[in-house]
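The values are calculated or read from the model by the stated rules, or taken from the named source; none is laboratory data. If you're wondering where the values come from, they're calculated on a predicted model, not measured in any experiment. Every residue, glycine among them, receives a Cβ derived from its backbone with ideal geometry; neighbour counts consider all protein chains shown. The area values use the complete protein model at the heavy-atom level, side chains included, leaving out ligands, DNA and RNA. Shrake-Rupley method; radii C 1.70, N 1.55, O 1.52, S 1.80 Å.
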Amino acid sequence: MSNYDVINSNAPRVDTPAKANGKAIFIDDMSMPDMLYGALLQSPIAHGKILNIDVSEAKKLKGVKAVATAKEAGLIPYGVSPARYDENVFCHDRVRYIGDEIAAVAAVDLETAMEAASLIKVDYEELPALLTVEEAMAESAPLLHDKYPQNICAQVNQEFGDFEAGLKEADIIKTTTFKSKRQDGAFLEPQGCIADFNKLTENITLYSSTQVPHYVQRILSMVLKLPIGKVRVIKPYLGAGFGIKAGTNTMEIAACILSMQTGKPVKMNYSREQVFMFGRARHQFTHTMITGAKKNGTLTALKNECYLDGGAYTSFGIATVYYSGSLLGGPYKLPNMKYDGYRIYTNKPACGAQRGHGGVIARACWEQQLDMISEELGIDPIELRLKNMMVTGDITCNDFNMSSLGMKECIEAIRDSSEWNKKKGKLPKGKGIGMACGFFVSGAGYPIYRSDTYHSTAVVKLTEDGGTALLYTASSEIGQGSDTTMAMITAEILGIDLSDVRIESGDTDFGVDLGAYSSRQTLMTGHAVYDAAKQVKEQILEVLAKELNIAVEDMDIKKGIIVFKKSQPDFSKLREIYIKEHRGWTDNPKPEDPLTFKEASRIAFLAKGIISGNGKYKPHQLGGKFKGAAVGTSPAYGCSAQIVELTVDKETGQITIDNMTDAHDCGLAINRVSVEGQMEGSLSMGLGEAMFEEVKFDSKGQIINADLAEYKIPTALDMPPVKAIIVESSEPNGPFGAKEVGEGAIMPTIPAILNAVYDAIGVRIFELPLTPERVYQAIEDYKNKKASS
């Protein structure tokens with residue numbers, strides 16, 4: 001039974017009514033007086049020099065109000081990380097992928113804007129298109145960006161401990177290469193925005209479907225040459241992001257430029273094809289790993305070499321290439337780890353961050369190797385993992401502090417719930433069971449830009465009558481339930497009902513919040529909200545203590561009632577004041593009724609004015625001192641374990657997922673139903689990436705499945721029964737002990753499926769996705785190899 005009144009329960013989402021009755025306003029629902037519509041001109045070729053841009057015909061078209069190219073936008077470079085600003089708003093000398101932006105048009109309607117964009121004439125000198133890592137790294141390959149030899153966008157070389165010495169201690173060594181394909185986030189709502197520039201005040205407001213209003217505000221300030229205080233970014237209701245919306249896109253800046261040119265609001269939206277063309281989703285990875293272990297199953301060393309197909313620009317790529325190595329530091333005791341990572345520029349849309357940023361495919365490769373080692377040593381895969389598992393208080397070889405770690409509990413929970421011991425090695429042919437573990441950060445330890453800024457701020461203030469707590473945060477509700485989580489934290493601290501909290505979020509005018517990425521908001525925004533609400537509570541109790549001549553520590557607020565821990569004082573005079581103040585506002589309390597939060601809040605208002613708290617949070621110093629230590633370090637780490645049961649039709653290669661069991665350590669579940677929802681969503685996403693998701697290109701670099709008909713994602717019909725088990729380890733660095741669940745739960749899904757496939761058919765598959773064709777071919781190749789040996 002929970003020790004809390006609000007949190008650690010199943011609470012209805014605060015945004016459910018608006019979404020259910022159609023009153024939730026998304027970007028595409030919005031309009032403004034005199035609003036114009038924008039359209040982009042994008043490159044039809046994957047690589048080429050721009051010889052000339054002629055916009056004259058576009059400007060002549062009736063209804064066109066503005067045309068912008070690099071001439072109007074300027075050449076201030078931007079991107080995600082200041083360490084690699086390699087993008088301009090519009091191309092001026094060269095295009096680097098099909099979809100690269102060249103110009104934008106604003107017109108009285110969308111049709112006119114699109115027609116005008118088509119009238120812009122661009123002369124190109126086509127260059128060789130580099131569509132694979134191998135082509136881009138070839139000695140004769142042209143450089144996509146002059147500063148980076150061999151088109152290596154970012155390179156990481158790290159070693160912790162001594163890999164060679166660790167390998168010499170090993171009795172068994174496994175070497176495998178694992179390949180994935182580029183994937184898309186497939187969120188329901190394409191990116192969209194409305195920019196509104198006020199020429200009198202020179203203020204600009206951007207309404208955008210972004211995960212990160214704060215970072216967009218900073219980029220707009222830099223590129224538009226406006227002070228931060230002149231730029232406001234507001235996130236309305238948003239239809240998911242999964243990391244792809246965690247940076248500034250060209251459309252947002254273009255809309256602002258067009259609005260500044262015309263003095264009118266400008267609305268722009270991506271089509272589904274443009275979502276794919278913009279990219280910024282999962283990279284294509286190739287991992288080669290060497291793992292050593294002793295006869296008793298103790299891991300001794302890991303070497304990981306990874307090549308990432310990054311596309312035309314960096315985006316989140318520097319962080320991605322680091323995460324692809326660093327996140328293997330846990331959750332197992334690994335004394336020696338060596339990593340060499342290379343992110344390569346190619347003539348395709350840029351890749352970026354997607355759920356489980358950088359670590360999903362690395363985890364898939366390594367967890368397969370752990371099963372291979374366990375099989376050769378005759379050790380149950382679960383027992384091998386338990387033997388090597390870290391515990392609370394351990395520190396990884398790359399300086400990640402396990403301040404809480406319920407990994408053992410997660411493994412034991414799925415083992416028992418799935419009846420693993422009854423099934424492993426005992427299922428009929430074609431049936432398989434597999435397991436894997438995962439590990440992820442609870443928020444990036446440092447901002448994307450170098451700064452000592454607070455990661456989150458929040459304001460809680462009470463209405464004049466004391467009946468409602470208003471919570472203001474710049475955090476981003478993107479469908480994951482963060483608004484409900486923050487409202488629950490506020491209600492729990494104040495001792496009031498969730499319905500008595502009203503939250504406003506996603507507006508840079510409300511303060512600083514780095515946004516919804518790296519599974520950070522429960523821990524980081526939660527801390528800021530906790531701090532703000534605690535200040536409000538303290539002010540109320542301080543006023544009561546003075547009025548009633550009682551110590552603050554002898555009072556509390558529970559379920560909307562002031563609780564006196566010792567004898568109850570006489571508060572009749574305070575009640576008289578309250579009744580006098582509230583004539584006509586509400587029903588008067590009776591003399592025998594307990595003193596309420598509402599009464600106490602009103603008394604506090606009369607004594608002090610508006611009662612408000614200003615919360616803030618940033619992590620203490622984290623991680624090691626080595627190069628790249630900032631990537632992967634976090635105040636806390638979530639962990640999860642999964643078991644997948646499936647059937648493989650050996651005649652067709654078709655895989656059917658039968659059951660999935662997942663246990664996730666989230667520290668403490670603020671809203672249990674939201675935690676379960678995040679777990680189930682991660683499993684669904686991981687299933688899709690394992691089974692059939694792949695962004696496909698033709699020989700010229702054109703995406704050939706840029707829609708949700710040809711790019712297959714899981715539907716309800718693809719999802720099996722899922723059992724979600726919440727494990728709570730009480731994280732000391734989290735509010736109420738809470739930590740992440742949003743991304744970490746995807747980590748074990750792909751390798752659990754891969755290990756289950758092997759259990760079903762006896763064939764290891766080292767390339768995604770697991771299409772029937774690939775699985776069938778693997779079975780046939782194994783048969784032929786066996787027959788010829």
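So which of C351, C365 ends up being open to solvent by less than 10 Å² (accessible area, probe 1.4 Å) and assigned to a loop (DSSP other than H, G, I, E, B)?
Going through C351, C365 in turn, the sole match is C351.
For segment 412-434, which residues satisfy the criterion of being in contact (Cβ under 8 Å) with a residue 60 or more places away in the chain, surrounded by fewer than 20 Cβ atoms within 10 Å (Cβ to Cβ) and of a type in the set (K, R)?
Once the filter is applied, which keeps residues that are in contact (Cβ under 8 Å) with a residue 60 or more places away in the chain, surrounded by fewer than 20 Cβ atoms within 10 Å (Cβ to Cβ) and of a type in the set (K, R), segment 412-434 yields K423, K424, K429, K431.
K783 versus (1) surrounded by fewer than 21 Cβ atoms within 10 Å (Cβ to Cβ); (2) within 24 Å of the chain's Cα centre (by Cα): which is the lone unmet condition?
Among (1) surrounded by fewer than 21 Cβ atoms within 10 Å (Cβ to Cβ); (2) within 24 Å of the chain's Cα centre (by Cα), the lone unmet condition for K783 is (2).
Could you please find all residues in segment 156-196 being closer than 30 Å to F26 by Cα, open to solvent by 20 Å² or more (accessible area, probe 1.4 Å) and either hydrophobic (A, V, I, L, M, F, W, C) or free of Cβ contacts under 8 Å to residues at least 40 places away in the same chain (or both)?
L188
Considering only segment 585-624, how many residues are free of Cβ contacts under 8 Å to residues at least 12 places away in the same chain and open to solvent by less than 90 Å² (accessible area, probe 1.4 Å)?
3
Name the one entry in I152, I172 that is out of contact with any Ser or Thr (no Cβ under 6 Å at 6 or more places or on another chain) and under 24 Å from G359 (Cβ atoms).
I152
Within segment 187-283, which strands (runs of 3 or more DSSP E) (wholly inside it) include 1 or more residues that are more than 21 Å from M114 (Cα to Cα)?
By residue number, 192-198, 203-208, 231-234.
Yes or no: E164 charged (D, E, K, R), within 21 Å of D93 (Cβ to Cβ) and not in a loop (DSSP other than H, G, I, E, B)?
no
Residue by residue through segment 693-717, note down the ones that are out of contact with any helix residue (DSSP H, G or I) (no Cβ under 6 Å at 6 or more places or on another chain), more than 30 Å from E135 (Cβ to Cβ) and either of a type in the set (V, I, T) or open to solvent by less than 60 Å² (accessible area, probe 1.4 Å) (or both).
If the condition is that a residue be out of contact with any helix residue (DSSP H, G or I) (no Cβ under 6 Å at 6 or more places or on another chain), more than 30 Å from E135 (Cβ to Cβ) and either of a type in the set (V, I, T) or open to solvent by less than 60 Å² (accessible area, probe 1.4 Å) (or both), then T715 is the only one that fits.
Mind checking whether some residue in segment 393-411 is surrounded by fewer than 24 Cβ atoms within 10 Å (Cβ to Cβ), within 24 Å of C666 (Cβ to Cβ) and of a type in the set (K, R)?
So far as segment 393-411 goes, yes, one or more of its residues are surrounded by fewer than 24 Cβ atoms within 10 Å (Cβ to Cβ), within 24 Å of C666 (Cβ to Cβ) and of a type in the set (K, R).
Can you name the residue in segment 323-348 that is of a type in the set (S, T, N, Q) and not in a loop (DSSP other than H, G, I, E, B) and is also surrounded by the most Cβ atoms within 10 Å (Cβ to Cβ) among such residues?
S326
Given the residues N249, N203, which is the only one that is free of Cβ contacts under 8 Å to residues at least 60 places away in the same chain and open to solvent by less than 30 Å² (accessible area, probe 1.4 Å)?
Sole residue among the options that is free of Cβ contacts under 8 Å to residues at least 60 places away in the same chain and open to solvent by less than 30 Å² (accessible area, probe 1.4 Å): N249.
Whether any residue in segment 207-229 is touching a Ser or Thr at 6+ places or on another chain (Cβ under 8 Å), more than 15 Å from V80 (Cα to Cα) and buried (at least 20 other Cβ atoms within 10 Å of the Cβ) is what I want to check.
no
With T300, T320, T314, T291 as the choices, which residue is touching a strand residue (DSSP E or B) at 6+ places or on another chain (Cβ under 7 Å), modelled with pLDDT of 95 or more, β-branched (V, I, T) and part of a loop (DSSP other than H, G, I, E, B)?
Exactly one residue qualifies, and that residue is T314.
Confirm whether T508 is open to solvent by 10 Å² or more (accessible area, probe 1.4 Å) and either of a type in the set (V, I, T) or on the phi > 0 side of the Ramachandran plot (or both).
Yes.
Residues that are open to solvent by less than 30 Å² (accessible area, probe 1.4 Å): which strands (runs of 3 or more DSSP E) entirely in segment 62-129 hold 3 or more of them?
The qualifying strands (runs of 3 or more DSSP E) are 64-68, 101-107.
Of all residues in segment 414-469, count the ones that are hydrophobic (A, V, I, L, M, F, W, C) and closer than 22 Å to G329 by Cβ.
8
Filter segment 1-15 down to residues that are open to solvent by 70 Å² or more (accessible area, probe 1.4 Å) and under 26 Å from the mean Cα position of the chain (by Cα), then give me how many there are.
Count: 2.
For residues in segment 130-153 being of a type in the set (S, T, N, Q) and in contact with a strand residue (DSSP E or B) (Cβ under 9 Å, 6 or more places away or on another chain), which is least open to solvent (accessible area, probe 1.4 Å)?
N151
Answer yes or no as to whether I379 is modelled with pLDDT of 95 or more and open to solvent by less than 20 Å² (accessible area, probe 1.4 Å).
no
Anything in segment 511-540 that is open to solvent by less than 10 Å² (accessible area, probe 1.4 Å) and within 29 Å of L574 (Cβ to Cβ)? List them, or say none.
V529, A532, A533, V536, I540
Anything in segment 698-721 that is touching a Leu at 6+ places or on another chain (Cβ under 6 Å) and under 22 Å from T771 (Cα atoms)? List them, or say none.
Of everything in segment 698-721, just one residue is touching a Leu at 6+ places or on another chain (Cβ under 6 Å) and under 22 Å from T771 (Cα atoms), namely P714.
Quick one: in segment 736-778, of everything that is of a type in the set (S, T, Y) and either open to solvent by 20 Å² or more (accessible area, probe 1.4 Å) or free of Cβ contacts under 8 Å to residues at least 60 places away in the same chain (or both), which residue is farthest from M402 (Cα to Cα)?
Y776
Condition check: assigned to a loop (DSSP other than H, G, I, E, B), surrounded by fewer than 24 Cβ atoms within 10 Å (Cβ to Cβ) and out of contact with any strand residue (DSSP E or B) (no Cβ under 6 Å at 6 or more places or on another chain). Does G632 satisfy that?
no
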